[in-house]
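A short worksheet on the structure shown next.
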Amino acid sequence: MKFINRIFDIKFDKTFRASLNKKIHKVLDNGFLSNHDFCRLLEKRYSLLNNSKFGLAVSNGTSALEVLLKSVNIENKKVLIGTNTFIATAVAVENCGGIPVPIDIEKRFWGLCPENLKKNISKDIGAVIVIHIGGLITPLIQEIKSICDSKKVPLIEDCSQAHFSSFKNIKAGNFGYGGTFSFYTTKNITCGEGGLVVTNNIKTYSKIKSLRQFGVTLKNKDDHKYLGSNYKMSELNASFTLCDIERYKMRFKKREMIAKRYQYNLKNSPWKSLQPIEGKSSYYKQIIISPIKRKSLLKYLLKKKIQLTGGVYNIPLHNQSRYKDIFNLKNFKNSNFFSNYHICPPCYPEMNFQQVDYICEKFLELIN
């Protein structure tokens, strides 16, 4: 069957290819293939664009979380996580010796619930991880930060889907202790596999810089102080990411235009399009709350030759096979609803308005 859209698509024009070829030749001329000049340039350029003081390039988004979590020493401590996230968030906690504890989201903005956070947080908690799902920063982020500050618990932002998203002119990654980004293939800025940590604290930066390279003592590279690992990024991946940053404004604008087309077409209908409040979204996903369960909807869309992109998330942490026997499933009412009723229609720059209009038309026809 030929669908009217692909689940995901990405194109690279002549300008991109020429820029990448030029950078690759420089890498080959230098002879340093990992953690060198282009990694330093990426760290500088990305942190500047994100209004962050420091940036640290790493091998992927999970590595970014791990290096930041290790810097606060969560070993044998509970880490509170909004349950509506990819399993990598919890895996990173376990890899650092911590205990992931999912908590429910709230039903206004579908982000981490401050009330549930208050019920679960204490001074013994190792960290709190807030996830900017689909590129949306919850308008409750300041309240969440205040709760963490009151207990002196580090707030870590999983910004894997929120490149340059903002709330009240503060960009993702700048609200708490630090933020982590992914450059996975489908992300708004990509190199296939890569990640980056941002922080505004020089002590944090120095420690994560050490942890990225086996806990090396920065003044003596033959000596090692912390239990780190090999989280370094390759020069080729850094080069690729820099090329994608060169075209990000155009591609982010196209994502926003596509998302707003969905919002306009579905306005005043039972299909509720989530959008940023007092800020901007990267629109990694245009999340829509469906009036019918996604499983039923998928059968209808298949007949109409429409494919949805991956959900955020169809199976939240507490329902994952690894964790579902540990937690009381009744404690996740809002996330259970969200996982069953949200959809993510395609919203990448290679889409066109005709495809968006067709998809919206079929949504509305179903309800009518």
ask   = Can you name the residue in region 106-121 that is assigned to a loop (DSSP other than H, G, I, E, B) and touching a Lys or Arg at 6+ places or on another chain (Cβ under 9 Å) and is also farthest from Y313 (Cα to Cα) among such residues?
value = I121
request  = Could you check, for region 316-332, whether at least one of its residues is on the phi > 0 side of the Ramachandran plot and at pLDDT 95 or above?
outcome  = no
task = Go through region 141-194 and give me each residue that's part of a strand (DSSP E or B) and either within 10 Å of the chain's Cα centre (by Cα) or not small (G, A, S) (or both).
result = L155, I156, E157, D158, F167, I170, K171, G179, T180, F181, S182, Y184
query = Which members of region 265-298 meet the condition of being in contact (Cβ under 8 Å) with a residue 60 or more places away in the chain, within 20 Å of Y348 (Cα to Cα) and of a type in the set (D, E, K, R)?
reply = K280, K285
ask   = Do we find a residue being in the same structural domain as V130 (by TED's automatic domain parsing), part of a strand (DSSP E or B), out of contact with any helix residue (DSSP H, G or I) (no Cβ under 7 Å at 6 or more places or on another chain) and surrounded by fewer than 23 Cβ atoms within 10 Å (Cβ to Cβ) anywhere in region 206-214?
value = yes
key: Criterion: among the charged types (D, E, K, R), surrounded by 14 or more Cβ atoms within 10 Å (Cβ to Cβ) and either in contact (Cβ under 8 Å) with a residue 60 or more places away in the chain or touching a strand residue (DSSP E or B) at 6+ places or on another chain (Cβ under 9 Å) (or both) - qualifying residue of K53, K44, K2, K11   = K53
ask   = Can you tell me which residues in region 195-205 are touching a residue at least 24 places away in the same chain (Cβ under 8 Å), outside any strand (DSSP E or B) and not polar (S, T, N, Q)?
value = I202, Y205
request  = Mind listing just one residue for me: the one in region 81-105 that is part of a loop (DSSP other than H, G, I, E, B) and out of contact with any Ser or Thr (no Cβ under 8 Å at 6 or more places or on another chain) and, of those, farthest from I288 (Cα to Cα)?
outcome  = G97
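The values are calculated or read from the model by the stated rules, or taken from the named source; none is laboratory data. Bear in mind the structure is a predicted one, so any value in this text is a computation, not a measurement. FYI the Cβ positions are ideal-geometry reconstructions off the backbone, even for glycines, and counts take in every protein chain you see.
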